[in-house]
1. Quick check on residue 200: is it surrounded by 14 or more Cβ atoms within 10 Å (Cβ to Cβ) and closer than 22 Å to residue 160 by Cβ?
2. On the basis of being within 19 Å of residue 264 (Cβ to Cβ), buried (at least 22 other Cβ atoms within 10 Å of the Cβ) and among the small types (Gly, Ala, Ser), does residue 154 make the cut?
3. On the given criteria, is residue 113 surrounded by fewer than 19 Cβ atoms within 10 Å (Cβ to Cβ), more than 33 Å from the chain's Cα centre (by Cα) and touching a residue at least 60 places away in the same chain (Cβ under 8 Å)?
4. Which one of the conditions (1) touching a residue at least 24 places away in the same chain (Cβ under 8 Å); (2) out of contact with any Lys or Arg (no Cβ under 8 Å at 6 or more places or on another chain); (3) surrounded by 19 or more Cβ atoms within 10 Å (Cβ to Cβ) does residue 257 fail to meet, given that it meets all the rest?
5. So, residue 320, is that one farther than 13 Å from residue 150 by Cα and without any contact (Cβ under 8 Å) to a residue 24 or more places away in the chain or not?
6. Output the residues belonging to segment 206-226 that are over 16 Å from residue 156 (Cβ atoms) and either crowded, with 23+ Cβ neighbours inside 10 Å or without any contact (Cβ under 8 Å) to a residue 12 or more places away in the chain (or both).
7. Within segment 260-269, can one find any residue that is among the hydrophobic types (A, V, I, L, M, F, W, C), crowded, with 24+ Cβ neighbours inside 10 Å and either touching a Gly at 6+ places or on another chain (Cβ under 6 Å) or not in a loop (DSSP other than H, G, I, E, B) (or both)?
8. Regarding residue 145, is this residue within 20 Å of the chain's Cα centre (by Cα) and among the basic types (Lys, Arg)?
Amino acid sequence: MMPTTPSSQNPSESPETRGGGEDTAPRESTEDRVPLHRRKAAKVDRLAELMGERSDDGHGAGVWREAFRRMSRSPMAISGAVIVAVFLLVALFSPLIAPYSPTSQAWGGEVFPNRNEFVGPRAENWLGLDHLGRDMFSRMVIGARQTLMVGVVATLVGFLFGALLGGTAGACSVLGGRWGRQVDNVIMRVIDMMLALPTLLLAVTVAALVGPSLTTVMLAVGIAQVPIFARLLRGAMISQGNREYVLAARALGVRGHKIAISHILPNSMGPVIVQSTLTLATAIIDAAALSYLGLGNPDASFPEWGTMLSEAQRFLSTAPSLAVYPALGIIITALGFTLMGESLREALDPKLRN
């Protein structure tokens with residue numbers, strides 16, 4: 001009879017179980033010891049892995065069809081789509097929807113902030129008047145257009161610069177050989193340093209350096225999203241780099257830059273598209289925060305939800321509705337884009353496709 005060795009014992013038994021269970025003290029979660037930028041990077045890499053689940057010929061149309069089929073039956077996706085659709089309609093047709101000019105102070109004689117006398121909702125002013133006698137409904141509707149413009153432009157800025165850095169790093173890593181991997185390493189160290197900073201802090205830093213303006217807000221929020229897009233695209237390109245269609249193209253003598261641009265890059269855009277919906281939600285919140293801090297449009301008369309929230313802070317105890325309306329607009333709009341992005345991410349997860 002052969003002697004019993006530790007390797008022949010039941011592998012399902014842990015050392016603590018075999019030892020009588022002496023060590024029963026709770027262990028510290030490994031995730032709690034991981035730095036913030038590492039956790040952010042891990043989430044980004046996971047999304048790139050999900051989109052790497054494609055057929056060997058590089059086509060992922062079936063995955064997308066299945067994802068949209070799942071989303072059409074998801075209450076979370078439907079709720080997000082309804083919120084986003086309403087927001088887009090209001091923002092696009094705001095000049096037609098707003099009954100008055102957002103800067104008109106036609107009812108200024110009816111509002112006395114020093115005496116805490118404000119005008120609430122009524123027939124001609126559905127959401128009441130602000131502290132200067134301006135129609136709140138008109139300002140909220142026009143502010144939605146500003147919010148949409150800031151969110152879209154900031155997302156495009158993050159996408160373009162992130163795709164440039166991430167695409168370069170991914171192509172160098174997959175097709176560049178030894179020198180390409182060194183270039184990829186340098187680019188990703190820069191991306192990791194940007195990821196180490198909280199998104200809002202990075203946006204505030206950029207806005208403070210450039211100066212307050214609407215353009216500053218869009219650039220600052222967009223630059224803060226660059227590392228997310230860059231890491232996503234690089235991870236997806238590396239995942240696609242070992243597919244059979246790429247190996248076949250290299251065996252046929254196709255040039256590396258043509259493989260990267262014509263084959264790998266188009267099949268790696270999935271995670272970037274998913275991230276764009278989530279970035280819109282983040283951009284709306286960050287833009288409102290910058291405007292709230294006074295780094296947005298210097299013209300206070302022009303409606304922005306963040307600026308409206310900042311102005312209403314002085315009257316929070318006497319007229320809380322002045323702050324509630326823009327706050328609800330920011331929260332609901334960001335929630336809609338977040339629900340859409342998260343439902344799309346779940347629909348593309350291979351663990352949930354069955």
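1. Working: surrounded by 14 or more Cβ atoms within 10 Å (Cβ to Cβ): yes; closer than 22 Å to residue 160 by Cβ: yes.
Judged against the criteria, residue 200 is a match.
2. Working: within 19 Å of residue 264 (Cβ to Cβ): no; buried (at least 22 other Cβ atoms within 10 Å of the Cβ): yes; among the small types (Gly, Ala, Ser): yes.
Here the answer is no, as residue 154 does not meet what is asked.
3. Values: surrounded by fewer than 19 Cβ atoms within 10 Å (Cβ to Cβ): yes; more than 33 Å from the chain's Cα centre (by Cα): yes; touching a residue at least 60 places away in the same chain (Cβ under 8 Å): yes.
Against the criterion (surrounded by fewer than 19 Cβ atoms within 10 Å (Cβ to Cβ), more than 33 Å from the chain's Cα centre (by Cα) and touching a residue at least 60 places away in the same chain (Cβ under 8 Å)), residue 113 qualifies.
4. So residue 257 meets the others, but not (3).
5. Details: farther than 13 Å from residue 150 by Cα: yes; without any contact (Cβ under 8 Å) to a residue 24 or more places away in the chain: yes.
In short, yes.
6. Residues satisfying the conditions are 207, 209, 210, 211.
7. To start, the set of residues in segment 260-269 that are among the hydrophobic types (A, V, I, L, M, F, W, C) comprises 260-261, 264-265, 269.
Right, trim to crowded, with 24+ Cβ neighbours inside 10 Å and you get 264.
Subset that is either touching a Gly at 6+ places or on another chain (Cβ under 6 Å) or not in a loop (DSSP other than H, G, I, E, B) (or both): 264.
Yes: segment 260-269 contains one or more residues that are among the hydrophobic types (A, V, I, L, M, F, W, C), crowded, with 24+ Cβ neighbours inside 10 Å and either touching a Gly at 6+ places or on another chain (Cβ under 6 Å) or not in a loop (DSSP other than H, G, I, E, B) (or both).
8. Working: within 20 Å of the chain's Cα centre (by Cα): yes; among the basic types (Lys, Arg): yes.
In short, yes.
The values are calculated or read from the model by the stated rules, or taken from the named source; none is laboratory data. Note that the structure is predicted; figures quoted are calculated from it, not measured. Heads up, the Cβs are rebuilt from the backbone with ideal geometry, glycines too, and the neighbour counts pull from every protein chain shown.
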